[in-house]
Every structure is written in structure tokens, then in C-alpha cells.
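Here, each number is a calculation from the coordinates, and none is a lab measurement. Note that this is a predicted model, so its numbers are computed, not measured. Ideal geometry is used to build each Cβ from the backbone, glycine not excepted, and the neighbour counts take in all protein chains shown.
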Amino acid sequence: MFQVLLLCDQSVMVRAIYFFKTFLNILRFSLPLILIFMLTIDFYKGMIIGENDDKQQIIKKVGNRVIACIIVFLVPTIVNLTMSIINKAGYGNGNYFQEFASCYDEASLELVKKLESEEDLKLSEIEEQKRQESIILAADYQAKEAAKKEENRKAYQDSQSGVSPNGSYSSNLTDLNKQNGVYIKNGTFYKPSGPSGKGCPGSNATSKGYNNSYGYNNYFYIMLTNLIKGAKDAGYNLSISSQGCRSYKTQVEYYQSMEKGRAAKPGNSRHGWGIASDVTFYKNATTKCGSKRTRSNCPGMAWVHDNAYKYGLKFPLLNASYREDWHIEPINLKTY
């Protein structure tokens, strides 16, 4: 590190050395003028004004000034001469004194400007390199996003044609019997325009034709259980909310108690039709992920997000203003 600072390749260092040299040169050439001025004052005081100092004292004072002037005059001369001798001696690379002497000898405004120009060029090259790297990263991100979109598009096409990527989800299922106002036709869920939450089965849902006690739409519940099984087969756990069908009254309470925009307006929540769920993610088969979960520290969540489409499901609020990585719905969902 010390060696790098001694090399004449940094404009700041060269500029400092140049100003030091300039100061020494100004001092050397200004001393004679200062000496003449001081001597004139001494002679004026002694000869014209008639101060009490005798000639011997005046001569002594003049002599002291001359000696001091010579000493100070010789300092920059000696420094310049010493640096020149060391530089010309050429001790070779790695000798710090020789490198500093060389830098001292070559320091000039022209060299400073040259180094500043080179540093600006290097800085521009670094900025251009960073810009190119950011372009590459952006292109890579866009490519991955495009791949995901294509994957989801294919999953949607598969669901429309009845193709099941994992054999567990049949997208051509049809149920024209409305359950809480929702019916399925050719793999697509059709929900009424509103309001939601007023047809929830409440307790004893199984006695009202539901295949689960939570009040989830039957086919949506099958999708969720298939996803849970897939997660377990992959070494993770996944649990769903016991609130399968959220009542209108409960949605009103959420809407009034939560920050504005956080909860859906009463009558518009898809939870109220039994076709949305809030899931809980696990790092593995037993350990839940915390609230500060990410794809890296919660691999179970990463797996579910990446594979939900295979089961006809999606997480539509991953990029919403209020991001909800836990909210899951069917891929194919329309309003009638």
C-alpha cells in the first residue's frame, strides 16, 4: 500500500508534491529580496535615524541576517539536489526513496492534468462497466420473468385443455351446481359479482354438501389438499386457514380495523366465496417460517410459490402494494 502511494500515478499526490516544490522555489527566490529589504531598514535605523547601536552591532546584525538567509536559501536547493541525485542513481524498482525522488523530480502541472485525464477515463470505464453489468442483470431478470410467464401461460393452456402436469389436478372438471354462488365449468371457477360472505355455510359445513368443515369450495379444497400433499412429498409442510369461507360480518371487522387498503372492501373478498385461502409456510416438515421469511430462509415457501400453478393455483398478491405471499386462489377465475 505504501509503495502504491509513492508512485507518480495519482493526481492528488503529484499535485501535493508540485505545490511543495513551488513553495520551496518561491521561498528561495524571495529570500534575497527580503534580505535587501531588511538590510535597508537596518542601515536606515543606524545611519540616518541615528539609533544608539554602533557600527559593530549593525555589522553583526547584518551578518546574522545574511547567514540565516543563506541557510534558508540552501534548504530548497539541497532538497532539490538530493531528490535529483537519488532519482538519477536509479536504485531500481521497490526502492521507496528512489520512487519518491522520481515523482518529486517529475511533478508538474502538465503531469497533474495528464493523470486527472487518465483517472476520469478510468472512472468513465468503470461506470460504463457497471452500466453494462446492470443491463445484463436486467436482461437476465427479464428473461427469468418471461420464462415464468411462459410457464404460467402453458399451465393455463394445460388447464383449459384438461392436461394435468402432475396427474392430480383435472382442469376439465365441471360442476354446474352453485356452491355459495360459485360453480366450475371446464376447469374455470365462476363467481358472482357480489356480495361475498353472505352465503357461507357456517358450522356443520359437511352437512350442507361441503367436503370440508371449513367452508371452502369443494373443488378448491381438493386443489389445496393436493398442493399440501405435493409439498409434503417434496419434504415441506403447508397448512391452510381454518377460515374457509369468511362471513360478510368478519370482513367488515377486518376492513374497519386494518389500515386503509389492507383488507378488501366488504362484499368483494374472495374469501367470502370460499375460493381463497391464507396458507402457512414451513422451512421443512416441522418448523414454521417467521414473518420475515424470504425465499432463501423459507425454502418451503419458495417451493409452493414455484409449483402452485401445477395444481391450478396462484398467488396473485405477490407484487401488490400490500404484498401477501400467503394469499392463494385458483388460476382460472372469472366473474359472471
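Between Arg295 and Leu39, what FRET efficiency follows from the Cβ-Cβ distance if R0 is 56 Å, with the result rounded to 0.05?
In this case the efficiency is close to 0.10.
On the beta carbon distance between Thr22 and Leu137, with R0 = 56 Å, the FRET formula returns roughly 0.70.
Each peptide among 190-197, 309-316, 281-288 gets the average number of other Cβ atoms lying within 10 Å of its residues, and from highest to lowest they stand as 309-316, 190-197, 281-288.
Relative to the current alpha-carbon distance between Glu253 and Lys61, full extension at 0.36 nm per residue lengthens the span by 59.1 nm. Put simply, the amide H of Lys185, placed in the peptide plane, has neighbours under 5 Å in Asp175, Tyr190, leaving out anything fewer than 5 places away on its chain. Modelled spin-label separation between Ser242 and Asp278, with each label point placed 7 Å from Cα along the Cα-to-Cβ direction: 1.4 nm.
Computed from the Cβ-Cβ distance with R0 of 25 Å, the FRET efficiency linking Leu317 to Leu176 stands at 0.25. Based on alpha-carbon atoms, the Kirkwood radius and the radius of gyration of the stretch 213-293 give Rg/Rh equal to 1.04. Remark: for residue pairs Lys149/Lys185; Lys144/Lys310; Lys265/Lys292, the C-alpha separation exceeds 20 Å in Lys149/Lys185; Lys265/Lys292.
The alpha-carbon of Lys114 sits under 30 angstrom from the alpha-carbons of these lysines, leaving out residues fewer than 8 places away in its chain: Lys21, Lys88, Lys122, Lys130. For the listed peptides 267-273, 250-256, 144-150, 75-81, a ranking on the average number of other beta carbons within 10 Å per residue, highest first, reads 267-273, 250-256, 75-81, 144-150.
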